[in-house]
1. Provide the net charge surrounding Ala401, with neighbours chosen by a C-beta distance below 12 Å and charges set as Lys +1, Arg +1, Asp -1, Glu -1.
2. Near the amide H of Leu266, under 5 Å away, which other amide H atoms are found, from residues 5 or more places off or on another chain, if H is placed in the peptide plane?
3. If you add up the charges near Thr64, with Lys and Arg at +1 and Asp and Glu at -1, over every other residue whose beta carbon is less than 12 angstrom from its beta carbon, what do you get?
4. Karplus couplings for region 185-196 from phi (6.51 cos²θ - 1.76 cosθ + 1.60, θ = phi - 60°), rounded to Hz, Gly and Pro as x?
5. Largest first, how would Lys82, Lys11 line up by accessible area (1.4 Å probe)?
6. Quantify, in whole percent, the carbon and sulfur part of the accessible surface of region 198-303 (1.4 Å probe; protein heavy atoms only).
7. Enter the accessible area per residue of the chain (Å², integer; probe 1.4 Å; all protein chains in place).
8. Mind scanning Lys373/Lys439; Lys148/Lys239; Lys11/Lys148 and naming the pairs with a C-alpha gap bigger than 29 Å?
Amino acid sequence: MARQACAARRKLEHIHQAVPEPARSLFDSLAGAFTRPTFLRFVVLALATILTIGGRTICNLLRTLGALAPGHPSSFHRVFCKRRWSSWWLARCLAAWVFDHLVSDGRVLLVGDDTVAEHPGQRVFGKGCHRDPVRSTHSYTTFRWGHKWVVLAVLVRFPFTRRPWALPVLVALYRSEADNEQAGRRHKTPARLLRQLCCVLLRWFGQRRFILAGDNNYGSHEMARFAASCRGRLALVSKFYPDANLFEPPPAYSGNGRPRVKGKELLKPQQVVADASRSQWNVAWYGGGRRDVAVVTGTGHWYKAGQGLVEVRWVFVQDLTGTHRDEYLMTTDVAMTAPEVIETYVGRWNEETTFQEMRSYLGLETTRGWKEKTVLRMAPCLFGLYTVVACLYSQLPRRYARVRAVEWAGKADVTFSDAITAVRRWLWQEWVFAIPGYKPVFEKLPPPFRSLLLHALAPAA
């Protein structure tokens, strides 16, 4: 048994050394989260997840690689359910790589949201009945059984696309209030989980400054107060309330009685909008386009009883084309201009695109782990793999990056389906078919048949 384990270890080392340099350098930056044997198997599973077409179960991943996954299959199953490694340290290494290679030294744009991943089974850890925001409408609510994941992503603008991509870096599982009460844990709402993820990121990267964009679920007074307490290192952009209570700052203490906690009451945003003149701007809009909007903006201190004041800039946005409803936005950074607030909030929608692409191309809802460690590790690793695919595509040689999965008239941007298809074909050709034993056979094939084989192994996603 020990001899077989040593032989498998040596083969895994050879396979790892055969990984192309861009992928090997990226994965080597994550090695600090694992022991060496676990790291080698983790790399094999990660690459197999990219190459696999279909469900992302461990058995299906091993079926894709065959002899490239040496050792007993149970050793790969134990990577998620038994082995000792830190998912937090793994996330830190991945975020550090993204910040060092893809994000400039200015403010980092973050987006936060939650998504429900369906998971069948009766004994799945953390499973609950959650509202599905994608399928629900204002008049009808859809519920799904599965996991609700709160995801913090970094907006990265690549040169090959007009819209920024939301790359997940930190993920937390939301547990229902009943589950937390049964387990004796303090209940955390999705907003508090996102706040915790922001705290972790602020602690890890003490020299960075961030802007967080979230929808109305994260536009609470509590989140605004948290952002304001970060001393300029974090600004929140979210939806606002047209009837919010705004005040001037309290006057200086006169020395008599209790100090005042707020100053003169200001007009509510909807009252200001009713009488104010509106300026027009052309701003970045959903989907990478631009839109003409009418804007009214103002500042004030948002008050909530027992919570104090938070200085905010609010922005009223009216779409002049009439296809989008009027909205009120706010930011805790009063130095931001109205167009900056609008474009930052509009960028939040890119995370919804990430969720959809993960379901379509990375099999987010096809995993079958049900133990606690497996659940808390497998889905977050899939979110991180989305970031890995985007990073690998940005490092690809030019001849591979030119691959387009599907072409249509007027298509100008690279989509994630293009990216993952190009990365798959690159891995098949530069890793699998370049390994001694496979390379001579592959090179003897006629070029048309090679191309046909690659298209069959990595079809247009």
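1. +4
2. So Leu266 has HN proximity to Leu246, Phe247, Glu248.
3. Residues close to Thr64 contribute a combined charge of +3.
4. The phi angles translate into 9, 6, 6, 10, 6, x, 5, 6, 5, 5, 4, 5 Hz.
5. Order by accessible area, largest first: Lys82, Lys11.
6. Numbers: 2780 of 5840 Å².
On region 198-303, the fraction of accessible area on carbon and sulfur atoms equals 48 percent.
7. Ligands and nucleic acids excluded, the figure is 49 Å² per residue.
8. Beyond 29 Å between Cα atoms: Lys373/Lys439; Lys11/Lys148.
The values are calculated or read from the model by the stated rules, or taken from the named source; none is laboratory data. The structure presented is a predicted model; accordingly, all values stated were derived computationally and were not measured. Every residue, glycine as well, gets a Cβ built from its backbone with ideal geometry; the counts of neighbours run over all protein chains shown. With ligands, DNA and RNA removed, areas are computed over all heavy atoms of the protein, side chains included. Shrake-Rupley method; radii C 1.70, N 1.55, O 1.52, S 1.80 Å.
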